Amino acid sequence: MDASSSPPFVVVEDVVTTGGYTLRAVAALRRTGHHILKVISLIDRQEGGAAALAAADLSFESIFTLDDFIRRASSQSAQRSAKASS
């Protein structure tokens, strides 16, 4: 099967920060004729990666963002403080 008849690719990343490594991987796939349907990341560190991928005409989704972890940690800290003061 050549690249023109291959199904679209979904690139899966563990973490996206600036998007640089992802863009390099996508560029290599595109050079060989592959179509990238979207990029999915477990964690978006919210340091410009989503914008960089959008600028490269890539659909991007993340399962979690850095803000999700910060909110969770803050919530847990508040719960521990409340328990400690009871």
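Descriptive notes on the structure:
- Between helix 20-31 and the chain: long-axis angle, C-alpha atoms, 0 to 90°, nearest 10: 20
- Nitroxide proxy distance, nm - points 7 Å out along Cα→Cβ at Phe64 and Ala84: 2.3
- Additional length obtainable on full extension of the chain from Ser75 to Glu47, 0.36 nm per residue less Cα span: 7.8 nm
- Dipole check for the chain: with +1 at the C-beta of Lys and Arg, -1 at the C-beta of Asp and Glu, and the Cα centre as origin, the magnitude is about 280 Debye.
Quick note: the coordinates plus some simple rules give every number you see, no bench work behind them. Computed from a predicted structure; not experimentally measured. Cβ sites come from the backbone with ideal geometry, for glycine too, and all protein chains shown count toward neighbours.
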